[in-house]
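Beneath this line is the structure, given in structure tokens, with notes to follow.
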Amino acid sequence: MKTVYTFGPGIAHDDSRARDKAVVGGKGANLGEMARIGLPVPPGFTITTEECLHFLRDRHSQSARLDGEVRSALTHIERTVGKRFGDRHDPLLVSVRSGARVSMPGMMDTILNLGLNDQTVRGLAASSGDERFAWDSYRRFVQMYASVVLGIDHARFEDALEKAKEDRGVSQDVDLSATDLRDLIGEFFGIVEAERGAPFPQDVDEQLASAIAAVFESWESDRAKVYRRLNGIPGEWGTAVNVQAMVFGNLGETSATGVAFTRNPATGDKAYYGEWLVNAQGEDVVAGIRTPQYLTLAARTAAGAKLPSMEEALPAVFTELARLFELLELHYQDMQDIEFTVERGKLYILQTRSGKRTAKAALKIAVDMVEEGLIAEEAAIRRIDPASLDQLLHPTLDPDAPRTLLGSGLPASPGAASGAVVFDADTAAVRAELGENVILVRQETSPDDIHGMHVARGILTAKGGMTSHAAVVARGMGRPCVSGASSLSIDYQARSAEIGGVHIAEGDLITIDGSTGEIFQGALPTVMPELDREFATVMAWADRHRRMNVRTNAETPADCEVARQFGAEGIGLCRTEHMFFDGERINFMRQMILAANVAERLVALDRLLPEQRSDFARIFEIMQGLPVTVRLLDPPLHEFLPHSESEFTELSAAVGIGVDQLRRRAEELAESNPMLGHRGCRLGVVYPEIYEMQARAIFEAACAVSRETGQPVVPEIMIPLVGTARELDMLKRIVIGVSEAVFAEQGLTVEFTVGTMIELPRAALVADEIAKVGEFFSFGTNDLTQTTLGISRDDAGRFLGSYIDKGIFATDPFVSIDVEGVGKLIAMAARLGREARPDIKLGICGEHGGDPASIAFCDRVGLDYVSASPFRVPIARLAAAQSAL
Ligand code: PEP
Ligand code: MG
């Protein structure tokens, strides 16, 4: 099987592997595709991801076969370009870049201008006729190669560069002359010798082989691992390596480099969005080294920027670029993120990929593209990442709140965020771990900051544009971000900053608005966002295509209202124990628990009854005839008892029982393994009066609401933690007995069902027996995961991370259903349940009900509904539609 695929003018492989992103990576596949459809792509070749895995497995040694294939692919580039690698007179230079199956912006390594040495740099100077350009390219190469391949801290070189500029009294890199650069390279060589004890490699073949190895190795770098974990990318994918002929954006005033999106990645507006720099190489734009210029006249005018747009400075190239944007969007039928270079007036496309975008932009682009006739409704639904909707549903700044504006930057990633200022990623991680909201404030960010960006509420940078690392990564993560705030100056040493003349120390509170680019002092209040037309349109499309219903897990009226607004079609789980924690109720509850006998217990239950009844009534009213699954009391009783000294004293005063007696009772109730102890239906079995009270509250509320509103009320009474049909049968009889009594008292009957949670392996195994009694099943996948895996849901956090890092689990089984194990039990229970009771209703109410991958699984096994927390209801609606398509 081939391990190297060439691309460039006139090359069309008939091997489908050459188009397969799993084999050649996303970048490799797109480069090949662009070359095939006739776009100006510099020729090159891609080494497969399989080869990366080989290399990493085989103790980091490259095979002779790979060397041979690389050599002949290099010859292909040489022939196409008409230059030779290592030639002293007119050398071919190449770039070496990573390219995984999905894009991992900035996570792995890139080396540009490879093929330069003390000889070829002179050839490059002669062939280009530009001495300074040649030395600048060499300077960049040595710097990149030394940090990426030789592993020397790049700050060493940055410091030397800064010092060189200082010594010559200049501020910009471009102000350094050829001689200055040559001297600087000499210094760089000194750093390399000192650090490595060997001179900088002059052999271009060795440079290439080592660069390829370094890119392979970067797949295993810490930052790439963190990124993979955050984005659920498996370690066994590996990265491809792309080697491509260099074209130069730093060959004078008619050369340039830039990054562009075919539509605005923050808002979704149909307008080219991009940045470019004249006389520069690509990393200058991305790394925020120079502040880039706007691509279009309209964008420049809107921003009031002085430097000319590309549309004005290089109009002919801009027109050609715009033509290619249209072509690429049409070809890929999606918004593209494109890197281009102009070498002495000639345009080259170096990369295209589906552009990362905010959730807002994703919705707008999808809806616009359907309206433009570019894609079908189904494609639009498929394209939106359900999890990203979360970004839209969260609060924005309260427009009426008083505020002190400190300054502003670019609106790089929307949403409002407040928190304590921190100046580095490690501090962000430490303070966030302690539960603090932090805003990461940096000069600019780099891939090393990724862990801090992830835990921060928001990101603020002083430098860099809309396509800077901070902006791209923040949009991908859904973190609000303001980038390029020029009035922000940071003093890392002093751990302080100044914005608009105001001193900010580490820990001070600020608020950023990533939708406007504004920065405010203090923490400003927020409000719920208005959901726009595109959101409603996509949700309506999703509803049309999904098979499963979507319900919510909610027990407070406020949560029920939110869930209804988000389109919940019922309540899948109302955890009644949450209703006992409030105000005075906790004391009635405690009295009930502390009761010495049934009579005492009944007195306390009588006090709880009206409270429960009014809660249920309110929920039934809000849900207006939609089904409401009420789960009877689940947790062990000792959870309701006090823990601290002061709580015991307080309780003693409230209930008139001595502290000692209270403590004794708490000790009696304490369990060594409460998750497997006296909880769930076991409480109902031992203290039937508790479930009787709850059933009475439900039926009385149902009768009252049905009488008042004239609307049907649909209670579904759910018994938790059932393991045997007999438990369920016993408790169902109690519930039915109460219903008969209440309906007789009220002179009114309400339809209801009694069902159970399937959250123990035994329940799944005997689901047919249980279904003879229970009218519905709701899979409690939190407990079912805990009991099937034998992993405590409360302690899993301590070791599951290692399990995921070591590839034992691809994802956290408490987040995404363990399809192989827990999933098998669910599928079996669903089948057995249906066999015993064909019209049985099946749903899920564990946390997995809001997880897109788990929702797809639920669809496959034919569940009738999923139930998710209110904010995840829209996510679940979209995920259910995607899985139905
Ligand atoms: C479950 O176990 O999945 C469930 C929904 O119940 P709880 O989380 O309340 O135990
Ligand atoms: Mg449970």
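Things worth noting here:
- Antiparallel DSSP beta bridges within the chain, as percent of all bridges there, nearest 5: 65 percent
- Residues whose amide H falls under 5 Å from that of Gly86, counting only those 5 or more places apart or on a different chain, are Leu92, with hydrogens built in the peptide plane.
- Shape call, segment 124-270: gyration tensor on alpha carbons, a/c limit 1.5: oblate
- Rounded to the nearest 20 debye, dipole of segment 243-379 from Cβ charges on Lys, Arg, Asp, Glu: 380 debye
- Cα-based Kirkwood hydrodynamic radius, segment 173-221, one decimal, Å: 12.9 Å
- Rounded to the nearest 10 degrees, the inclination of helix 725-746 to the longest alpha-carbon principal axis of the chain is 60 degrees.
- Percentage, to the nearest whole number, of Cα pairs in segment 4-245 over 26 Å apart: 42 percent
- In Hz, Karplus ³J(HN,Hα) per residue of segment 611-618 (6.51, -1.76, 1.60; θ = phi - 60°; x = Gly, Pro): 5, 4, 4, 5, 4, 5, 4, 4
- Ranked Lys83, Lys360, criterion: other C-beta atoms within 10 Å, fewest first: Lys83, Lys360
- Taking a ≥ b ≥ c as the square roots of the eigenvalues of the alpha-carbon gyration tensor, segment 256-357 is classed rounded because a/c is under 1.5.
- Net charge, Leu307 excluded, C-beta distance under 15 Å - Lys, Arg +1, Asp, Glu -1: -2
- Between the residues Met34, Tyr273, Ser778, the greatest Cα displacement towards the positive end of the dipole of the chain, with unit charges on the Cβ of Lys, Arg, Asp and Glu, is found for Met34.
- Ranked for footprinting exposure by Cβ neighbours inside 10 Å, fewest first, Tyr492, Tyr803, Tyr145 give Tyr492, Tyr803, Tyr145.
- Convex hull (Cα only) mean projected area of segment 332-415, reported in nm² to one decimal: 9.2 nm²
- Separation between Cα centres of segment 589-615 and segment 647-707, rounded to whole Å: 8 Å
- Tail beyond 25 Å, pair distance distribution of segment 45-179 (Cα, percent): 40 percent
- Among His451, His154, His469, the order by Cβ neighbours within 10 angstrom, fewest to most, reads His154, His451, His469.
- About its Cα centre, the chain has a charge dipole of approximately 1700 debye under the convention of +1 per Lys or Arg Cβ and -1 per Asp or Glu Cβ, with nothing else charged.
- Evaluated with a Cβ-only charge set (Lys, Arg +1; Asp, Glu -1), segment 816-871 carries a dipole of roughly 220 debye about its Cα centre, given to the nearest 20.
- Adding -39500 (n - 2.57) for every DSSP H run of four residues or longer, then dividing by how many residues the chain holds, sets the calculated 222 nm ellipticity at -14000 deg cm²/dmol.
- Segment 390-538, Cα convex hull volume normalised per residue, Å³: 103 Å³
- Long-range tail of P(r) for segment 465-562 (Cα pairs > 15 Å, %): 77 percent
- Ordering Gly465, Ser446, Thr427 by the projection of their Cα atoms onto the charge dipole of segment 395-527, which places +1 on the Cβ of Lys and Arg and -1 on the Cβ of Asp and Glu, puts Gly465 at the extreme positive end.
- Each peptide in 421-431, 624-634, 588-598, 368-378 gets a packing score, the mean of other Cβ atoms within 10 Å over its residues, and the list from highest to lowest is 624-634, 421-431, 588-598, 368-378.
- Segment 37-112 versus segment 781-845: alpha-carbon centroid distance in Å: 43 Å
- Per-bin percent of Cα-Cα distances, segment 305-361 [5 Å]: 4, 16, 23, 21, 19, 12, 4, 1
- Over all other residues within a Cβ to Cβ distance under 15 Å of Ser418, the charged ones net out to -1, with Lys and Arg as +1 and Asp and Glu as -1.
- Rounded if a/c under 1.5, otherwise prolate or oblate - segment 34-96, Cα gyration tensor axes: oblate
- Between 0 and 90°, nearest 10: helix 688-709 axis offset from the chain longest Cα axis: 80 degrees
- Alpha carbon centroid spacing (whole Å) that separates segment 203-247 from segment 416-486: 25 Å
- Take 164-171, 842-849 and order them by the average number of nearby Cβ atoms within 10 Å per residue, most first; the result is 842-849, 164-171.
- Amide H within-cut-off set for Ile571, under 5 Å, with H built and near neighbours excluded: Thr552, Val628, Thr629
- Ranked by the mean number of other Cβ atoms within 10 Å of their residues, highest first, the peptides 762-774, 557-569, 732-744 fall in the order 762-774, 557-569, 732-744.
- Between helix 222-231 and the chain: long-axis angle, C-alpha atoms, 0 to 90°, nearest 10: 40 degrees
- Kirkwood radius, the chain, all distinct C-alpha pairs, inverse of mean reciprocal distance: 30.7 Å.
- Within-13-Å neighbourhood charge of Glu621 [Cβ basis; K, R +1; D, E -1]: +1
Only the coordinates and a few stated rules stand behind these numbers; no lab work does. All figures in this text were calculated on a predicted structure; none of them were measured in a lab. Backbone-built Cβ (ideal geometry, glycine too); neighbour counts: all protein chains shown.
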